[in-house]
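To start, the structure under review is shown below, and the notes come after it.
Derivation of every value follows stated rules applied to the coordinates shown; laboratory data play no part. Note that this is a predicted model, so its numbers are computed, not measured. Here the Cβ is made from the backbone with ideal geometry for all residues, glycine too, and neighbour counts use every protein chain on show.
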Amino acid sequence: MTEPTAAYCYNHPARETTLRCKRCERYICTSCAVGTPTGYMCRECVNERQKTFDTAVWYDFVLGFTVAGVLSGIASFLTTLIGGIGFFGWLLVFLGSSAAGGIIAEAVRAITRRRRSRPLFITVAAGVVLGALPMLLLQLLSGNVFGLIFQALYLFIAAPMVFARLSGIQLTR
């Protein structure tokens, strides 16, 4: 039997390898290889493939941030009203915050026509936080401890909920 000729990683010329990118067929070492469900790819091919999923345009960032901020401001105001109810208010804040996160995510998804981009999801989550900031500061300045806790709880639940709903993160399968 003949031995195969030595091949070297395209990125690290001193490393011998037999592993190839499944897309471009370049030799890659194990530190350059990115595992995918169907085989190994080089980082350039993975980045190129990832760009096909980023479909957001520049005005989606503005629209998404604005819609998230306005709806979050409304939800934050409602959270302040719920704060005066007492123990039942805690339950309403938990349920209402997750519902508000879902509503905000669906509104942003509709306004951006389901275009996607990780920076868009982060921008929208920042819009949720910024929209709730006026009510949070009002609670802080008035010294309302329970109102402050409810606002923090709203942000702790709603912002990650919006990000998860927009990005498609699934906790269970």
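Odds and ends about this structure:
- Contour minus Cα-Cα distance for Tyr8 and Thr52 (0.36 nm per residue): 12.9 nm
- Charge-dipole axis of region 58-167 as Lys and Arg at +1 and Asp and Glu at -1 on Cβ define it, positive-most pick from Leu148, Phe65, Ile85: Phe65
- Overall, the anisotropy analysis places region 129-173 in the oblate class: the square-rooted eigenvalues a ≥ b ≥ c of its C-alpha gyration tensor yield a/c not less than 1.5, with a/b not exceeding b/c.
- Cβ-Cβ FRET estimate between Glu106 and Leu137, R0 fixed at 25 Å, reported to 0.05: 0.35
- Placing a label point 7 Å from the Cα of Arg116 along the Cα-to-Cβ direction, the residues of region 140-166 with a backbone N closer than 18 Å are 161-166.
- Calculated mean residue ellipticity, 222 nm, the chain: -21500 deg cm²/dmol, from DSSP H runs (n ≥ 4) at -39500 (n - 2.57) each, averaged per residue and rounded to 500.
- Cα-derived Rg to Rh of region 1-46, Kirkwood definition: 1.00
- Principal axis box of region 1-77, alpha-carbon based, largest edge first, Å: 76, 23, 22
- Applying the Karplus relation 6.51 cos²θ - 1.76 cosθ + 1.60 with θ = phi - 60° to region 131-147 yields 3J(HN,Hα) values of x, 8, 4, x, 5, 5, 5, 4, 5, 5, 5, 7, x, 7, 5, 5, x Hz, where x marks Gly and Pro.
- Residues whose amide H lies under 5 Å from that of Leu19, counting only those 5 or more places away or on a different chain, are Ile28; hydrogens are built 1.01 Å from N in the peptide plane.
- Mean Cβ neighbour count within 10 Å, used as a protection proxy, ranking 91-101, 121-131, 32-42 highest first: 121-131, 91-101, 32-42
- Dipole size of region 58-167 about its Cα centre, with +1 on Lys/Arg Cβ and -1 on Asp/Glu Cβ: approximately 460 debye, rounded to the nearest 20.
- Intensity falloff of the chain expressed as log10 I(q)/I(0), Debye formula with alpha-carbon point scatterers, at q = 0.09 Å⁻¹: -0.49
- Shape box of region 42-138 [Cα atoms, principal axes, largest first, Å]: 56, 24, 23
- Relative contact order of region 1-46, taken over Cα pairs closer than 8 Å and 6 or more residues apart, is 28 percent.
- Phi to ³J(HN,Hα) by Karplus 6.51 cos²θ - 1.76 cosθ + 1.60 over region 153-168, Hz, x for Gly, Pro: 5, 4, 5, 5, 8, 6, 4, x, 5, 4, 4, 5, 5, 6, 7, x
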